[in-house]
Amino acid sequence: MNAKEQDIILKARRQAEERAKGYREQALKLYPWVCGRCAREFNHSNLRELTVHHRDHDHDNNPSDGSNWELLCLYCHDYEHQKLTEAAYGGSAGTTGPAEAKYNPFADLKAKMQRK
């Protein structure tokens, strides 16, 4: 990677950080410091673990009323994006319940007990 490419990447990262800082500060003023999914509560000591999720996944859509944001903990935020990624590739994160068990360890229990 040459110096020009590195400069472009660095500039893009700085702009993203500035944009994130602005809407994050706004969201933290608007909403209680609680994860919108798991209801975990946050305070000043662990606030860095509370993130702003864009409901429509458009990071440039930042209305001042916060209608496109929700506060999520790191884990719930990762899960939210995992669902989106898996849906794009035909996966099913969070869309179905657990798979039905195919093995029943007690299927022939009565027969085993009668043999003894």
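Observations
- Given their separation in residues at 0.36 nm each and the Cα-Cα distance between them, Q82 and E25 gain 18.0 nm when the chain is fully extended.
- Along each principal axis, taking the top coordinate minus the bottom one, the Cα set of the range 3-95 gives 44, 37, 26 Å in descending order.
- Most positive-pole-ward Cα, S67, L10, F106, against dipole of the chain from beta carbon charges: F106
- For the range 1-45, diffusion coefficient by Stokes-Einstein and Kirkwood Rh (Cα), 10 °C, 1.306 mPa s, µm²/s: 122 µm²/s
- Only helices enter the 222 nm calculation for the chain: every DSSP H run of n ≥ 4 contributes -39,500 (n - 2.57), and dividing by all residues gives -14500 deg cm²/dmol, rounded to 500.
- Long-range amide H partners of R40 with built H, under 5 Å: C35
- Cross-link partners of K110 among lysines (Cα-Cα below 20 Å; sequence separation of 8 or more within a chain): K102
- Sequentially through the range 22-36, phi angles give Karplus couplings (6.51, -1.76, 1.60; θ = phi - 60°) of x, 6, 5, 4, 5, 4, 5, 7, 7, 10, x, 7, 9, 5, x Hz, Gly and Pro residues having no value and appearing as x.
Throughout, read-outs are computed from the coordinates displayed, never taken from laboratory work. Bear in mind the structure is a predicted one, so any value in this text is a computation, not a measurement. Cβ coordinates were reconstructed from backbone atoms using ideal geometry, including for glycine residues, and neighbour counts include every protein chain displayed.
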